[in-house]
Amino acid sequence: MSDTTRTDPLSARDWHVLMALSETDLHGYGIMKAVDRDSGGKVSAEIGSLYRVLDRLLDEGLVAEADAPRDAPDDTRGRPRRYYRLTRAGREALRREALRLRETLELARSRQLLPGSRT
Amino acid sequence: MTVRHVYFAILLRAFPGDFRERRGEAMRQAFDAAQEEHRASGRAALLSFLARTSVDMVASGCRERLRPGRRSRTPNGAQVSWLDVKLGVRMLRKHPGLTLASVFALTIGIPVGLGPGHFVDALTAPLPVPEGDRIQVLRLWNPAAGHTDPATLRDFDAWREALTSFQALAAYRQASYNIGAEDGGGAPVRGAEVTASTFAVLRVPPELGRTIDPGDEVDGAANVVVIGHDLWRSRFAGDPGIVGRSVRVGPTLHTVVGVMPEGFLFPIRQQVWLPLRTGPASSARGDAEVGVFGRLADGVEAAQAQSELSTVVSRPDLGSLARDEHVRAQVSAFAYSVIGGLEGGLRTTPEVLWSQVLAWLVLFVACINVGMLIFARTASRAGELAVRTALGASRARIVSQIFVECLVLAALAAGVGLGLLGVLPRLIPANVSAILPYWMDFGVDAGTVGRAMALAVVSAGVAGVVPALRFTSNSVQENIRRAQGRRTGTRSGGLSGALIVADVAVAVAAIGFAVTVSDMVRRAKTTDEGVGIPAEEYLAATLTLPRGLMTGGEASDPVQYRNRVAAAQQELVRRLKAEPGVKDVAVADALPRMEHHSRRVEVEGEALSDGEHGRSVRVARVDLDYFDALGQPILSGRGFGTGDLQGNRDVAIVNTGFVANVLGGQSAIGRRIRYLPWGDGEPGPWLEIVGVVGSLGMRVVSPTQDQGVYQPFAPGDLGSVQLGIHVGGDPVSFTPRLRAIAADVDPTAVVTTGGVLSDVFEGDWYLMRALGWGGGLLVAILLALAASGIYAMMSFAVTERTTEIGIRSALGARRRDVASSIGLRAMGQLVAGVVLGMPLAGVFYGGNADSALAGMVGAFLFGVAVIATVGLVACTGPTLRALRITPSEALRGKG
């Protein structure tokens, strides 16, 4: 665990992975589908890319491994699937990023860069 | 464990060992779940998923290995440094032959791998206007009929009213116009009638003046025209005072109100834009066919817009024309306005998917061949690697170093390959690029560079990592012992030999294919056998009377329009026949040598079994004197007469191909046939066969399948007809006279000439030419790959046998014997490949029943000679290298 007080902006992929886990604990493929759904397909989370991100987020302490839900089916080899959950630090990183995005949005609105912006 | 599991396990090897240990199992679980779900969605979805996953796994694995500051959690893991890159560059210089062969193979493989995707990107590039990707075309796809149903002005009005997914909609209709100064004349120019909203949707301001205003669309408004930059420069010498000048467009003078900037050629390659006078939707004009497009509203995606359009189309009460229940609304990128109706886009068509798979296969073969070269080079460094291993370098460290060396090589090849792709657009002939849509962009952009680099990484993985893993599989002691004994520690095994044999076999088969295609093209081009007339004596021209330039009454009243077209066609043909030097004029919707429409017919009394859709035939609509004008006798029955134009016109003349292939040689006269619909629907009326004519080149590329049906048409039936003018001598020189007569007959008449009929290439011709080029390219690629593979094997064999060669030389073996022993294995592989390739080549010849035996044998011998030459050239370098090794060098172990 390298850093539990991450303050730099999150990348789009980090943001969507953490966002996916903010709702419920998920296994890898569940995260892939959630990222695809939430980003409207704009953020790619193929297996290799996703697990690089997960590996780093686990290392940074923003995500942790979790027990599989009782009713979750096992994998094709009869082994329990690996699940992941958002840690307190992860939730805090998400919150900070959301605040940062809100500030960015407000700045864009104030410069009338968005439709419906008013002075 | 399935093949897919094994494949994923291989992909996983792209990641460092410690990463695999931590996340490998979870990644496998995710792969299992994902592939199960994609498999349920169909083969295309599964293939697409596997392709995406493959690229992503290799790219991510490499990124993970190269990540700065990556902490390996196993001791002495794979680390990559600048030193490896420098070493890689040094290796390129140290082994120039190997570098050249490898770069050559990958320089071919990488652009071929990129090719299909690059072509699709070019074809479907967004319009070159601000936010061009938001411009979408609205179409009605009829899957049962296999084509799009044209939209009408009435649809346009209804959609413009009802749709909220678009900021604005616009409509256009293409045509050609005779453009000149006040005095008239001039050659035809491609143009379009467009709604005023067109320019607002495209967001392109004029270079001079203004664009078309809504006021210009009103019936009775002054005639205005907007011209393109190129036309302004070429016809009007870039006159800065062009705005306000009068220009003759067809019969009437139009005021130039604006000039569009250079490069604006909407919708295809237009240079003239007139107002599309929409008129009231209820008038006959409302049924006029138009192309409809629009700019998506902010935040709206094409899928949402399509869903809304589907709703509007399904409700005729909103104003759209009532449609067949099968018709589906489509909203897609503007490029699809010329590509046709494709559900799921061009990328998901089987043709593109298969091309992509084949292209990747070529790249894979190239990688394997380079892999063999790398393997041979690694083998020659056995001593160096053994020492490094003994000093503590881990297997991962050595593998990563070889990978980086290979990556340097692949990156170099990708760079050269990208250069080739960049040059490609310049090789497109001017007459072809002049008809390509203006948005097509074959240039190399950042995305192409990114994909090329990704392919370079994958290539380096396949070509470098696999041989390195195999080579480093021995223990430290074993490597040292073998290095001391001047042995490489491993053997290439039978796989590489089998690959070379396969390379050669496929190359021989490809040569057979290329020769067959070129033979067909040559025969079809040089003989008139399939055409039936001396085509070089005919001038081919298209006569069109654009409806858009008619005055109000004629444009909206079909009967008036038809009468005018009929009068113009008849008068033009009469005047042409009266011209000195003109022998006759044939009028039809397609002339011999041109691509004729295809239909399916049913013969009365011959029951169709379930699932059978009748016989495919080519059809033409011809005027009553067509066969006389072409000097074709009626072989049996009678020709068309004026009586055939009365009533239902339920008569047809068939050709001898039809009698032979469809009627089985039985008598045709009096038999009845009818056209069948492509999808659901009622068959056409029965047509009685009244005559039989000889073959007239309805499908000249495949004369044996040239079964056709002719039906009569009356002047005025077709707004656009083909004229085959029998001039003799130099037909092209008659073009100015033809234009002058046409302009005299009707100033709105647009005559475009296709040149001499024997030079007309359409439809299948382009396919054949593309096949000819593609076949030639494939042969060149496969020969190059076979040559590099043979070179690799020879090089490796020399390295392996250094000591043996030295001892043999010391014992007095002649140079010739040494050379033959080295070359024997390669020649054996060449012969095996040729023998295996012959039956494959025979398959292509078998499909071409017209090929003479002598031609087949000649082509086989030609193929064998080419392969043997390539093999000999590939053997020469390594053999000379072997012969340069002296006995003392070999025995000292310096070979």
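Within the range A:45-59, is there a residue that is open to solvent by 20 Å² or more (accessible area, probe 1.4 Å) and more than 14 Å from chain B (Cβ to nearest Cβ)? No: the range A:45-59 contains no residue that is open to solvent by 20 Å² or more (accessible area, probe 1.4 Å) and more than 14 Å from chain B (Cβ to nearest Cβ).
With respect to being within 13 Å of chain B (Cβ to nearest Cβ), assigned to a loop (DSSP other than H, G, I, E, B) and either over 25 Å from B:PHE8 (Cβ atoms) or within 15 Å of the chain's Cα centre (by Cα) (or both), A:LYS33 falls outside the description. Regarding the range A:22-29, can at least one residue be identified that is farther than 30 Å from B:ALA303 by Cα and touching a residue at least 12 places away in the same chain (Cβ under 8 Å)? So far as the range A:22-29 goes, yes, one or more of its residues are farther than 30 Å from B:ALA303 by Cα and touching a residue at least 12 places away in the same chain (Cβ under 8 Å). Taking the criterion of being at pLDDT below 90, outside any loop (DSSP other than H, G, I, E, B) and open to solvent by less than 10 Å² (accessible area, probe 1.4 Å), would at least one residue in the range B:571-580 satisfy it? No, there is no match, as no residue in the range B:571-580 is at pLDDT below 90, outside any loop (DSSP other than H, G, I, E, B) and open to solvent by less than 10 Å² (accessible area, probe 1.4 Å). Where residues in the range A:75-117 are within 11 Å of chain B (Cβ to nearest Cβ) and of a type in the set (Ser, Thr, Tyr), which of them is nearest to A:HIS16 (Cα to Cα)? Here the residue is A:TYR84. Can we say B:ARG825 is modelled with pLDDT of 70 or more and closer than 21 Å to B:ILE885 by Cα? It is true that B:ARG825 is modelled with pLDDT of 70 or more and closer than 21 Å to B:ILE885 by Cα. Across the range B:205-231, the number of residues qualifying as open to solvent by less than 20 Å² (accessible area, probe 1.4 Å) and not acidic (Asp, Glu) comes to 7.
Pairing residues of the range B:293-317 that are at negative phi with residues that are in a helix (DSSP H, G or I) and at pLDDT below 85, at Cβ distances under 9 Å and at least 6 apart in sequence or on separate chains, gives B:PHE293/B:SER337; B:THR311/B:LEU318; B:VAL312/B:LEU318.
Say whether the condition of being open to solvent by 30 Å² or more (accessible area, probe 1.4 Å), at pLDDT below 85 and facing chain A (nearest Cβ under 9 Å) is met by at least one residue in the range B:75-83. Within the range B:75-83, none of the residues are open to solvent by 30 Å² or more (accessible area, probe 1.4 Å), at pLDDT below 85 and facing chain A (nearest Cβ under 9 Å).
Return yes or no: is A:ALA72 more than 12 Å from B:ARG23 (Cα to Cα), in a loop (DSSP other than H, G, I, E, B) and within 11 Å of chain B (Cβ to nearest Cβ)? No; evaluated as a whole, the condition is false for this residue.
Kindly indicate whether B:SER433 is surrounded by 19 or more Cβ atoms within 10 Å (Cβ to Cβ) and of a type in the set (S, T, N, Q). Even if it seems obvious, please write down each step before you answer.
On the way: surrounded by 19 or more Cβ atoms within 10 Å (Cβ to Cβ): no; of a type in the set (S, T, N, Q): yes.
Criteria not met by B:SER433.
Filtered by the rule that a residue be surrounded by 12 or more Cβ atoms within 10 Å (Cβ to Cβ) and free of Cβ contacts under 8 Å to residues at least 40 places away in the same chain, the range A:67-78 gives A:ASP75, A:THR76. Screening B:ALA390 against (1) open to solvent by less than 40 Å² (accessible area, probe 1.4 Å); (2) at pLDDT 70 or above; (3) of a type in the set (Gly, Ala, Ser) leaves a single unmet condition, (1). For B:ARG52, the stated conditions hold: it is under 18 Å from A:ALA34 (Cβ atoms), at the interface with another protein chain (Cβ under 8 Å from one of its Cβ atoms), out of contact with any Pro (no Cβ under 9 Å at 6 or more places or on another chain) and among the charged types (D, E, K, R).
The residue that is nearest to B:GLY461 (Cα to Cα), counting only those in the range B:12-27 that are crowded, with 19+ Cβ neighbours inside 10 Å and facing chain A (nearest Cβ under 8 Å), is B:ALA14. Of all residues in the range B:239-266, exactly one satisfies the criterion of being open to solvent by less than 10 Å² (accessible area, probe 1.4 Å), in contact with a helix residue (DSSP H, G or I) (Cβ under 7 Å, 6 or more places away or on another chain) and not hydrophobic (A, V, I, L, M, F, W, C), namely B:GLY250.
Here are B:ALA59, B:ALA45: which of them is of a type in the set (A, V, I, L, M), free of Cβ contacts under 8 Å to residues at least 24 places away in the same chain and either part of a helix (DSSP H, G or I) or at the interface with another protein chain (Cβ under 7 Å from one of its Cβ atoms) (or both)?
Working: B:ALA59 fails: free of Cβ contacts under 8 Å to residues at least 24 places away in the same chain.
Only one candidate passes the filter, namely B:ALA45.
Per the listing A:GLY28, A:GLY48, A:GLY61, A:GLY41, the residue uniquely modelled with pLDDT of 90 or more and at positive phi is A:GLY61.
One line per residue, one yes/no per condition, for (1) out of contact with any Gly (no Cβ under 8 Å at 6 or more places or on another chain); (2) part of a strand (DSSP E or B); (3) farther than 23 Å from B:GLN722 by Cα; (4) open to solvent by 30 Å² or more (accessible area, probe 1.4 Å):
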{"residue": "B:HIS613", "(1), (2), (3), (4)": "yes, no, yes, yes"}
{"residue": "B:ALA620", "(1), (2), (3), (4)": "no, yes, no, no"}
{"residue": "B:LEU624", "(1), (2), (3), (4)": "no, no, no, yes"}
{"residue": "B:PHE627", "(1), (2), (3), (4)": "no, no, no, no"}
{"residue": "B:GLN632", "(1), (2), (3), (4)": "no, no, no, no"}
{"residue": "B:ARG649", "(1), (2), (3), (4)": "yes, no, no, yes"}
{"residue": "B:ILE669", "(1), (2), (3), (4)": "no, no, yes, yes"}
{"residue": "B:ILE673", "(1), (2), (3), (4)": "yes, yes, yes, no"}
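Looking across the range B:30-42, the residues that are facing chain A (nearest Cβ under 9 Å) and either crowded, with 22+ Cβ neighbours inside 10 Å or within 22 Å of B:LEU358 (Cα to Cα) (or both) come down to B:ALA30, B:PHE31. Note on the range B:445-466: residues that are surrounded by 20 or more Cβ atoms within 10 Å (Cβ to Cβ) and free of Cβ contacts under 8 Å to residues at least 40 places away in the same chain amount to 0.
The values are calculated or read from the model by the stated rules, or taken from the named source; none is laboratory data. Just so it is clear, the model here is predicted, and its values are computed rather than measured. Cβ: placed from backbone, ideal geometry, glycine included. Neighbour counts: every protein chain shown. Heads up: the accessible areas ignore ligands, DNA and RNA and are worked out on the full protein's heavy atoms, side chains in. Shrake-Rupley method; radii C 1.70, N 1.55, O 1.52, S 1.80 Å.
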